[in-house]
């Protein structure tokens, strides 16, 4: 396991009570959004980052045509 690439989220984010996660002595970072299998997921499940990413890709493609 690469601890630099590993992170965790708490769903829903309003119930975050200062959770700390460690695996074999390595502290795992808590994040508010992350990319997983091509999807940008945030801890509130609003999908804003994913939609903005897809929108940016579509703007580049439309500009080419």
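Taken together, the values in this text are just the output of simple stated rules run on the coordinates, not laboratory data. Just so you know, these numbers come straight off a predicted model, no measurement behind them. Here the Cβ positions follow ideal geometry from the backbone for every residue, glycine too, while neighbour counts run over all protein chains shown.
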Quiz item: Roughly how many whole Å is it from the C-alpha centroid of segment 42-65 to that of segment 1-41?
Solution: 23
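DSSP beta bridges in segment 7-64, what fraction antiparallel, as a percent rounded to 5? Don't skip to the answer; put the middle values down first.
On the way: 7 of 9 bridges.
That works out to approximately 80 percent antiparallel.
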Quiz item: Add -39500 (n - 2.57) for each DSSP H run of 4 or more in the chain, then divide by its residues: what number comes out at 222 nm, to the nearest 500 deg cm²/dmol?
Solution: -9000 deg cm²/dmol
Exercise. Using only Cα atoms, tell me the angle between helix 48-64 and the longest principal axis of the chain; keep it within 0 to 90° and round to the nearest 10.
Key: 30
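Taking 8 Å as the Cα distance limit and 6 or more residues as the minimum spacing, I'd like the relative contact order of the chain as a percentage.
25
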Quiz prompt | Calculated Rg and Dmax of the chain using C-alpha coordinates, Å | solution = 15.6, 52
Quiz item: If the chain between residue 49 and residue 4 were fully stretched, how many nm would it gain, using 0.36 nm times the residue separation less the Cα-Cα distance?
Solution: 14.0 nm
Practice problem: Would you mind getting me the FRET efficiency between residue 33 and residue 65? Use the beta-carbon distance for r and R0 = 25 Å, nearest 0.05. | Solution: 0.25
